[in-house]
Structures are given as C-alpha cells and as structure tokens.
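Presented below is the structure to which this report refers.
The values are calculated or read from the model by the stated rules, or taken from the named source; none is laboratory data. Since the model is a prediction, treat every value here as computed from it, not as a measurement. Note that we place each Cβ from the backbone using ideal geometry, even for glycine, and neighbour counts take in every protein chain shown. These accessible areas exclude ligands, DNA and RNA; they are computed on the full protein's heavy atoms, side chains included. Shrake-Rupley method; radii C 1.70, N 1.55, O 1.52, S 1.80 Å.
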Amino acid sequence: ATHANLTMVPPTLCHSASSYQANKDNEDKLVVDSVQVETEVMRLYAVFDGHGGAECSDYMARNLASTLSESSSSCPPCQTEEAEKKGIKDAVRSCFALLDDRFLSQANIKPTTGSCALFACFYKHW
C-alpha cells in the first residue's frame, strides 16, 4: 500500500467544561481563548482555582490572553523551530510573572487571596 495520496488534515481542538461550586461563592475561573502570535493562532486553556476569595482568579482569567499577547510580542523573530519553542516558553513564563506582579501591586487586595493555575496552550503543531 502506498501512502502518497494521503492528505494531512489539521487536528480539531474541542473542549467542554463543567463546574462544581464547593464554596458559597465560586472562586474558580475557566479561560478558553486565543492569541495571535506572528501569523499563527495560539489556543489557550486555563483553570484558575481561587483561594480566599475570587479576586485573584478573576484577575488572572480576565488578563491572561492580553498579557500573553504582550509577552509574546516581545519575542524576537526565530530562525529555527527550537528557538521558537524556547521563545514561546519564555513568553508564557513572562506572562505569569507579569500577572503575578500586577495583581500584587493593586491596592485593596486581601492578603489571603490567591490562585493556582492549570494552563495549556496549543501553538502550530506542538
């Protein structure tokens, strides 16, 4: 059998989510978004598990896409796939550091509020 006539079909990303409110006020936030990185689209999926209030998880969810877009726009053009992967990893690290710094610099935040994050991004074929 020959495989010369096979056509590559790009994978389709599907998602679904559900929520279970264990606290009086739900402190958890879900993000499904996308960011333009050069000529490609990066798909973002995140769950922020708020602690001690929803302020932090709300802030992170509201600002994730714009901050990642900001971080990735400062990546220099890459000549190799290896360098491009490193640039994306650096942009994600920078994004979360910026989110953390900016949230903590706000006035009137409760010192006990915070959030854990589960984050996945899909970019190109990686």
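Kindly indicate the residue of the stretch 27-47 that is over 22 Å from Glu81 (Cα atoms) and open to solvent by 50 Å² or more (accessible area, probe 1.4 Å) and also modelled with the lowest pLDDT among those meeting that condition.
First pass over the stretch 27-47, keeping only residues over 22 Å from Glu81 (Cα atoms): 27-33, 45-47.
Right, trim to open to solvent by 50 Å² or more (accessible area, probe 1.4 Å) and you get 28-30, 32-33, 47.
Details: Asp28: 90, Lys29: 93, Leu30: 93, Val32: 93, Asp33: 94, Val47: 95.
Checked the stretch 27-47; the qualifying residue modelled with the lowest pLDDT is Asp28.
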field: Residue satisfying condition, being without any contact (Cβ under 8 Å) to a residue 40 or more places away in the chain and in contact with a strand residue (DSSP E or B) (Cβ under 8 Å, 6 or more places away or on another chain), within set Ala107, Ala65, Ala46
entry: Ala65
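So that you can scan it fast, the table gives a plain yes or no per residue for (1) hydroxyl-bearing (Ser, Thr, Tyr); (2) in contact (Cβ under 8 Å) with a residue 24 or more places away in the chain; (3) on the phi < 0 side of the Ramachandran plot; (4) open to solvent by 90 Å² or more (accessible area, probe 1.4 Å):
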| position | (1), (2), (3), (4) |
| --- | --- |
| Pro76 | no, no, yes, no |
| Thr80 | yes, no, yes, no |
| Lys85 | no, yes, yes, no |
| Cys95 | no, yes, yes, no |
| Leu99 | no, yes, yes, no |
| Arg102 | no, yes, yes, no |
| Thr113 | yes, yes, yes, no |
| Phe119 | no, yes, yes, no |
| Tyr123 | yes, yes, yes, no |
